[in-house]
Amino acid sequence: MTTKTQKAEGYGFAAPRGRVYDSVVNLVGGTPLVALPHLMQDDSLKARLLLKLEFFNPLGSVKDRIGAAMVLDAERRGLITPGRTLLVEPTSGNTGISLAFVAAARGYRLIVTMPEGASIERRRMLRLMDAQVELTPARLGMAGAIARANEILNETPDAWMPDQFDNPANPAVHAATTAEEIWQDTAGNVDVVVAGVGTGGTATGIATALKARRKGLEVFGVEPAESAILNGDEPGPHGIQGIGPGFCPATLDTEQLDGILTVSEREAIAASRRCARLEGIPIGISSGAALHAGLRLAVEERYKGKTIVVIAPSFAERYLSTSLFTGL
Ligand code: PMP
């Protein structure tokens, strides 16, 4: 049998006890899977619902996996050199924070470009880890941040863009580690996985790895109801940070998925608050969206006695200034 340690070896990600870690980068992964007994009882769930807590990663989100994987993969392929290459990425989200800790730990300079108006907490975290933050006009949105990052890339001799929406190391690390952990922790007894779709790396990587191992296993993506482009709607503004980028990324393979469920911001926040209140697990907004979708499946007759794993990408505290906390 392949063990988690063997599979995750190429990345050096977190393995069982009895080890002193060489670097914080090696602390990525190995996140726990936890049962939700109170939600199960409250909603009379027919399926067993488990939550994978990705905020157990060192910088607190699922993006630590790709922050580490994209950089380590580029090093292995000789594309970047510590102390020399400048990393540049347009991102207003968790990816910036994840790249910042890897850049600091491995000795790279990092410039993150983002639209003005991105939350002050994120900008300060980036500055704390010595990343340079370049703000682009709010009216240009993410397109402005992408254009500026490309400009820096073109005018700097040894610069490299991880490009999370187009980098195969993104789905690959989820196939090698996230999926592997789910498989090991459930001893192969997993029937359904639910994951929010931002880059689509999490859902695609998990689907690729687990469907090959278990016939009939289903993987569902989740997108915001306010911007349900994968279900044929128009892109629109929404408050579920991290998912629903408004386009179909190269890192998402919809062929691998059994469906894309839609969840509104209101439903996502309600689920995330219930999880905090009933289970003592304060999760982020996109986690609430995935949980809401998982709860919806878990009451269906066809999933009676099955195991549904829901991915929780981040922790509630990263959203202190958002509607997750309004009125509390
Ligand atoms: N939720 C949050 C909070 C995220 O930061 C991300 C990553 N953008 C996701 C969900 C979606 O993950 P992925 O990019 O792998 O689809």
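The values are calculated or read from the model by the stated rules, or taken from the named source; none is laboratory data. Note that the coordinates shown come from a computational prediction; the quantities given were computed from them, not determined experimentally. Reconstructed Cβ throughout: ideal geometry from the backbone, glycine too, with neighbour counts over all protein chains shown. Accessible surface is based on the protein model in full, side chains and every heavy atom, while ligands, DNA and RNA are left aside. Shrake-Rupley method; radii C 1.70, N 1.55, O 1.52, S 1.80 Å.
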Exactly one of VAL299, VAL222 is open to solvent by 20 Å² or more (accessible area, probe 1.4 Å) and in contact (Cβ under 8 Å) with a residue 60 or more places away in the chain, and that one is VAL299
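Which one of these is under 11 Å from MET114 (Cβ atoms), more than 16 Å from the ligand (Cβ to nearest atom) and among the basic types (Lys, Arg): ARG127, ARG148?
Numbers: ARG127 fails: under 11 Å from MET114 (Cβ atoms).
Exactly one residue qualifies, and that residue is ARG148.
So if I check each of MET125, MET114, which one is part of a strand (DSSP E or B), closer than 24 Å to GLY239 by Cα and open to solvent by less than 70 Å² (accessible area, probe 1.4 Å)? Explain how you work it out, then say what you get.
On the way: MET125 fails: part of a strand (DSSP E or B).
Testing whether each residue is part of a strand (DSSP E or B), closer than 24 Å to GLY239 by Cα and open to solvent by less than 70 Å² (accessible area, probe 1.4 Å) leaves just MET114.
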Q. Out of all the residues in the range 283-290, is one or more more than 13 Å from the ligand (Cβ to nearest atom), touching a Phe, Trp or Tyr at 6+ places or on another chain (Cβ under 9 Å), under 18 Å from PHE220 (Cβ atoms) and assigned by the TED database to the domain that holds ALA187?
A. no
In the set THR178, THR251, the lone residue that is in the same structural domain as ARG318 (by the TED database), among the polar types (S, T, N, Q), open to solvent by less than 10 Å² (accessible area, probe 1.4 Å) and in contact with a Phe, Trp or Tyr (Cβ under 8 Å, 6 or more places away or on another chain) is THR251
For ARG65, the lone unmet condition from (1) farther than 12 Å from ILE311 by Cα; (2) modelled with pLDDT of 95 or more; (3) in a loop (DSSP other than H, G, I, E, B) is (3)
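Within the range 262-285, track down each residue that is in contact (Cβ under 8 Å) with a residue 60 or more places away in the chain and open to solvent by less than 10 Å² (accessible area, probe 1.4 Å). Even if it seems obvious, please write down each step before you answer.
Here is the first cut: in the range 262-285, the ones in contact (Cβ under 8 Å) with a residue 60 or more places away in the chain are 274-275, 278-279, 281, 283-284.
Correct list: CYS275, ILE283, GLY284.
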Selection from the range 143-160 of residues touching a residue at least 40 places away in the same chain (Cβ under 8 Å), surrounded by fewer than 19 Cβ atoms within 10 Å (Cβ to Cβ) and either under 21 Å from ARG318 (Cα atoms) or not aliphatic (A, V, I, L, M) (or both) yields THR156, ASP158
When restricted to SER98, SER92, the only residue assigned to a helix (DSSP H, G or I) and in contact (Cβ under 8 Å) with a residue 12 or more places away in the chain is SER98
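Just checking, does the range 152-172 include any residue being touching a Gly at 6+ places or on another chain (Cβ under 6 Å) and either modelled with pLDDT under 95 or within 16 Å of the ligand (Cβ to nearest atom) (or both)?
Looking only at the range 152-172, we keep the residues that are touching a Gly at 6+ places or on another chain (Cβ under 6 Å), and these are 170-171.
Next, from what is left, pick out any that are either modelled with pLDDT under 95 or within 16 Å of the ligand (Cβ to nearest atom) (or both): 170-171.
Within the range 152-172, one or more residues are touching a Gly at 6+ places or on another chain (Cβ under 6 Å) and either modelled with pLDDT under 95 or within 16 Å of the ligand (Cβ to nearest atom) (or both).
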Given the conditions (1) closer than 24 Å to ASN231 by Cα; (2) without any contact (Cβ under 8 Å) to a residue 60 or more places away in the chain, every one holds for VAL309 apart from (2)
Looking across the range 213-229 at residues that are over 20 Å from HIS174 (Cβ atoms) and not β-branched (Val, Ile, Thr), the single one that is nearest to the ligand (Cβ to nearest atom) is PRO224
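Within the group GLY294, GLY232, GLY305, GLY259, which residue is surrounded by fewer than 17 Cβ atoms within 10 Å (Cβ to Cβ) and either modelled with pLDDT under 95 or within 16 Å of the ligand (Cβ to nearest atom) (or both)?
Numbers: GLY294 fails: surrounded by fewer than 17 Cβ atoms within 10 Å (Cβ to Cβ); GLY232 fails: either modelled with pLDDT under 95 or within 16 Å of the ligand (Cβ to nearest atom) (or both); GLY305 fails: either modelled with pLDDT under 95 or within 16 Å of the ligand (Cβ to nearest atom) (or both).
Going through GLY294, GLY232, GLY305, GLY259 in turn, just one is surrounded by fewer than 17 Cβ atoms within 10 Å (Cβ to Cβ) and either modelled with pLDDT under 95 or within 16 Å of the ligand (Cβ to nearest atom) (or both): GLY259.
Restricting attention to the range 195-212, does a residue exist that is part of a strand (DSSP E or B), within 16 Å of the ligand (Cβ to nearest atom) and either of a type in the set (A, V, I, L, M, F, W, C) or more than 18 Å from LEU33 (Cα to Cα) (or both)?
Looking for residues that are part of a strand (DSSP E or B), within 16 Å of the ligand (Cβ to nearest atom) and either of a type in the set (A, V, I, L, M, F, W, C) or more than 18 Å from LEU33 (Cα to Cα) (or both), one finds at least one in the range 195-212, hence yes.
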Filter the range 181-194 for residues that are in a helix (DSSP H, G or I) and either within 6 Å of the ligand (Cβ to nearest atom) or among the acidic types (Asp, Glu) (or both); the one that is surrounded by the most Cβ atoms within 10 Å (Cβ to Cβ) is GLU181
